[in-house]
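The values are calculated or read from the model by the stated rules, or taken from the named source; none is laboratory data. Just so we're clear, the structure is a prediction, and the values are computed from it rather than from any experiment. Don't worry about glycine lacking a Cβ; one is built from the backbone with ideal geometry, like all the others, and counts go over all protein chains shown.
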Amino acid sequence: MGRLANIPEIHAKSILIALCADDSVLERRALNLLKQIAAFESQVATKNYQKGTKRKAQSAVMICVQCQSPFHEEDNDDKACRYHDGLLNVDYESDIWADHDENCHGPIDTDENRFQHPEGFVWDCCDKLGHRSGCTRGRHNALSGSRGRYGDTPGTGLLEDEESSTEDEASESDSDKSQDD
Ligand SMILES: [Zn+2]
Ligand SMILES: [Zn+2]
């Protein structure tokens with residue numbers, strides 16, 4: 001991961017295109033991140049405009065490997081990131097897989113399914129379903145990190161959290177169960 005952080009930008013682009021050419025899931029994930037960056041940048045621009053301030057030296061937008069959210073390093077702090085510090089395992093009991101026959105539909109335990117049906121997976125760090133927000137807080141990390149690849153459901157990490165960014169982890173996981181009543 002460290003070596004990738006140092007490759008020339010022009011190579012990064014070629015490599016990304018080559019990798020995505022034969023992997024449609026990867027391509028969708030890359031385009032999803034691009035959309036998130038665009039949304040993030042316009043959000044920041046709106047905020048700065050409303051405050052009437054212009055940032056002097058705004059760093060480049062980074063993407064956190066833990067939560068997959070865009071961020072600026074100058075806004076990074078010990079509570080900026082919310083992610084799962086564990087592995088995302090298949091929940092074979094989930095209703096999602098009720099009609100899934102691995103012999104004809106293919107294996108369940110794939111990255112494509114993690115991306116498309118996160119609710120059919122469970123985090124081993126907190127037993128939350130795959131699409132629930134992270135159980136751990138820390139700094140955003142753009143350079144390294146072998147875990148938390150799916151720290152948040154792609155596309156929901158950034159915007160949704162903006163409104164409910166209070167310390168509501170506990171109440172959130174409780175609401176999973178109370179719906180059964
Ligand atoms: Zn977790
Ligand atoms: Zn993060």
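Points to keep in mind about this one:
- Of all residues in region 68-87, those that are touching a residue at least 24 places away in the same chain (Cβ under 8 Å) and away from ligand 2 (no atom under 11 Å from the Cβ) have Cβ atoms under 7 Å from Cβ atoms of residues that are β-branched (V, I, T) and in a loop (DSSP other than H, G, I, E, B), 6 or more apart or on another chain, in H72/V61.
- Restricting region 106-119 to residues that are away from ligand 1 (no atom under 16 Å from the Cβ) and part of a helix (DSSP H, G or I), the residue that is nearest to the chain's Cα centre (by Cα): F115
- Restricting region 120-137 to residues that are part of a strand (DSSP E or B) and within 8 Å of ligand 1 (Cβ to nearest atom), the residue that is nearest to D95 (Cα to Cα) is W123.
- Scanning region 62-83 for residues that are in a loop (DSSP other than H, G, I, E, B), among the hydrophobic types (A, V, I, L, M, F, W, C) and surrounded by fewer than 22 Cβ atoms within 10 Å (Cβ to Cβ) yields a total of 2.
- Residue ID - nearest to ligand 1 (Cβ to nearest atom), chosen from residues in region 71-82 that are in contact with a strand residue (DSSP E or B) (Cβ under 6 Å, 6 or more places away or on another chain) and over 18 Å from I37 (Cβ atoms): R82
- Checking N103 against (1) modelled with pLDDT of 50 or more; (2) away from ligand 1 (no atom under 16 Å from the Cβ); (3) outside any helix (DSSP H, G or I); (4) out of contact with any strand residue (DSSP E or B) (no Cβ under 9 Å at 6 or more places or on another chain), the condition it does not meet: (3)
Residues checked against (1) closer than 30 Å to S59 by Cβ; (2) near ligand 2 (Cβ under 10 Å from one of its atoms); (3) surrounded by 15 or more Cβ atoms within 10 Å (Cβ to Cβ); (4) at pLDDT 85 or above:
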site: G120; (1), (2), (3), (4): no, no, yes, yes
site: D124; (1), (2), (3), (4): no, no, no, yes
site: L129; (1), (2), (3), (4): no, no, yes, yes
site: C135; (1), (2), (3), (4): yes, no, yes, yes
site: H140; (1), (2), (3), (4): yes, yes, yes, yes
site: G145; (1), (2), (3), (4): yes, yes, yes, no
site: R149; (1), (2), (3), (4): yes, no, yes, no
site: T153; (1), (2), (3), (4): yes, no, yes, no
site: T156; (1), (2), (3), (4): yes, no, yes, no
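This table checks each residue for (1) part of a helix (DSSP H, G or I); (2) exposed (fewer than 13 other Cβ atoms within 10 Å of the Cβ); (3) at positive phi.
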| residue | (1), (2), (3) |
| --- | --- |
| H11 | yes, yes, no |
| L16 | yes, no, no |
| Q36 | yes, no, no |
| A39 | yes, no, no |
| V44 | yes, no, no |
| A60 | no, yes, no |
| D85 | no, no, no |
| I96 | yes, no, no |
